[in-house]
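**Student:** Below you will find the structure I want to go over with you.
The values are calculated or read from the model by the stated rules, or taken from the named source; none is laboratory data. As the structure is a prediction and not an experimental result, all values here were calculated from the model. Here Cβ is always computed from backbone atoms with ideal geometry, including for glycine, and neighbour counts include all displayed protein chains. For accessibility, only protein heavy atoms count, side chains too; no ligands or nucleic acids. Shrake-Rupley method; radii C 1.70, N 1.55, O 1.52, S 1.80 Å.
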Amino acid sequence: FFYYLSKTSFNLPIQHSNASPSAMTISSFFNNGFLSVLGILLSAYSIYVEYRVEHKAENPDDVFTALCDIEAIGASCSTVFSLPEAKMLSFFGLVPHGSILDIPNGYLGIAFYALSLTRHVTGIQRSGLLSHLFHPTVNLIITTLAFSSSIFLARKLYIIQEVCVVCITTHIINTTIFYRSIQEALSVSEGKIKRQ
């Protein structure tokens with residue numbers, strides 16, 4: 001599946017005249033499709049870890065250690081997922097705390113990466129509603145929100161001096177997708193549609 005995403009011909013790759021063949025091969029493999037699938041998997045795992053941590057009190061005999069809790073490097077994603085910032089919608093007062101909409105950030109991540117994956121596979125040349133949803137400007141706004149959330153959460157990690165492998169990886173993914181959305185928006189403004 002990942003091989004298919006790396007070889008997909010739905011997208012027109014950005015041409016780097018000065019880029020070496022090896023650099024272009026790496027860039028082609030780690031396209032937005034691959035990054036989106038990886039983001040979905042990491043987001044889903046973060047939801048699972050947060051659920052297990054929240055319900056740990058209900059079953060004291062259940063010994064659970066997340067794969068991302070790596071004592072050797074002092075990493076503890078379960079600690080990070082237990083922070084109030086792990087549910088940004090309620091943290092910023094956008095939804096009531098404890099309501100059905102008070103969802104973990106992982107669900108927001110899945111929605112974002114699913115949109116990015118759909119856009120990568122189906123292309124941006126669509127008609128109707130999708131043409132507006134997939135427009136480079138709209139995409140830039142969405143990726144900017146994702147990038148901004150990564151900056152906010154990364155700052156929190158720095159403040160509490162905590163290492164979260166899953167978080168850091170998704171921050172890198174968000175930054176990469178955001179950077180590519182800027183490139184695409186600029187290329188479209190110049191009249192050249194370029195795909196990642």
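**Student:** Quick one: in region 60-71, of everything that is within 18 Å of residue 165 (Cα to Cα) and aliphatic (A, V, I, L, M), which residue is most open to solvent (accessible area, probe 1.4 Å)?
**Tutor:** For region 60-71, the residue satisfying everything is 67.
**Student:** Now a separate question. Is it true that residue 14 is surrounded by 12 or more Cβ atoms within 10 Å (Cβ to Cβ) and either at pLDDT 85 or above or in a helix (DSSP H, G or I) (or both)?
**Tutor:** Answer is no for this residue.
**Student:** Output the number of the condition that residue 117 fails; it satisfies all remaining conditions of (1) more than 20 Å from residue 164 (Cα to Cα); (2) surrounded by fewer than 16 Cβ atoms within 10 Å (Cβ to Cβ).
**Tutor:** Failed condition: (2).
**Student:** Considering only residues that are basic (Lys, Arg), open to solvent by less than 50 Å² (accessible area, probe 1.4 Å) and at pLDDT below 90, which ones fall in region 159-196?
**Tutor:** Of everything in region 159-196, just one residue is basic (Lys, Arg), open to solvent by less than 50 Å² (accessible area, probe 1.4 Å) and at pLDDT below 90, namely 195.
**Student:** Here are 72, 66, 19: which of them is at pLDDT 70 or above, part of a loop (DSSP other than H, G, I, E, B) and over 25 Å from residue 148 (Cβ atoms)?
**Tutor:** On the way: 72 fails: part of a loop (DSSP other than H, G, I, E, B); 19 fails: at pLDDT 70 or above.
Just one listed residue meets the conditions, 66.
**Student:** Tell me, yes or no, whether region 38-59 has at least one residue that is within 19 Å of the chain's Cα centre (by Cα), open to solvent by less than 40 Å² (accessible area, probe 1.4 Å) and aromatic (Phe, Trp, Tyr).
**Tutor:** No.
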